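Quick notes on the structure that follows.
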Amino acid sequence: MVHCPSLWRSARAEKKVTLIANVTNPGVLIHELKGRLGTGGTVAANGDAEIQGDHVINVTKFLLSREDHLIQVAGCGKKAKEREEKKRLKEESEALEAARAENVEEDAAARREEEGKKPRW
């Protein structure tokens, strides 16, 4: 499974490097990305592809359009975005529900306080 490209700092020169892990054919991928992005790149000793600079967005778009280089892209596709959106909406609705419950409790406390101040005739 190929993971979304991620940005790392090079150990040698402390420069930004876009890392693509678990690529099926890293040599061909690097060759195409170097030409498309106009930057340098190499295949690391562990088989990961490294592109010089911060090209995470462009590499992700390229990988999603050219699935012949991947087994699967994890966390970059439409389903992953839909899962993130559902998760965000769920968290927002839970936060709203908690805020509503808090407001109800505050309103009830304020009513009890007001009732205690009213003169009883």
| field | Calculated from backbone phi, Karplus (6.51, -1.76, 1.60) coupling profile of segment 13-30 in Hz, x at Gly/Pro | value | 10, 6, 9, 6, 9, 8, 9, 10, 9, 6, 7, 6, 9, x, x, 5, 4, 4
| request: Go through Lys15/Lys87; Lys61/Lys86; Lys34/Lys87; Lys16/Lys61; Lys34/Lys61 and tell me which ones have a Cα-Cα distance over 25 Å in this structure. | output: Lys15/Lys87; Lys34/Lys87
| task | Kindly state, to the nearest 0.05, the FRET efficiency for Asp54 paired with Glu85, given R0 = 35 Å and r defined as their beta-carbon distance. | result | 0.90
| query | Could you give the nm distance between label points at Lys34 and Ser93, where each point is 7 Å from its Cα heading toward the beta carbon? | reply | 5.0
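Each reported figure results from applying straightforward, stated rules to the coordinates on display, with no laboratory input. The model shown is predicted, which means the values in this text are computed figures rather than measured ones. We place every Cβ from the backbone using ideal geometry, glycine too, and count neighbours over all the protein chains shown.
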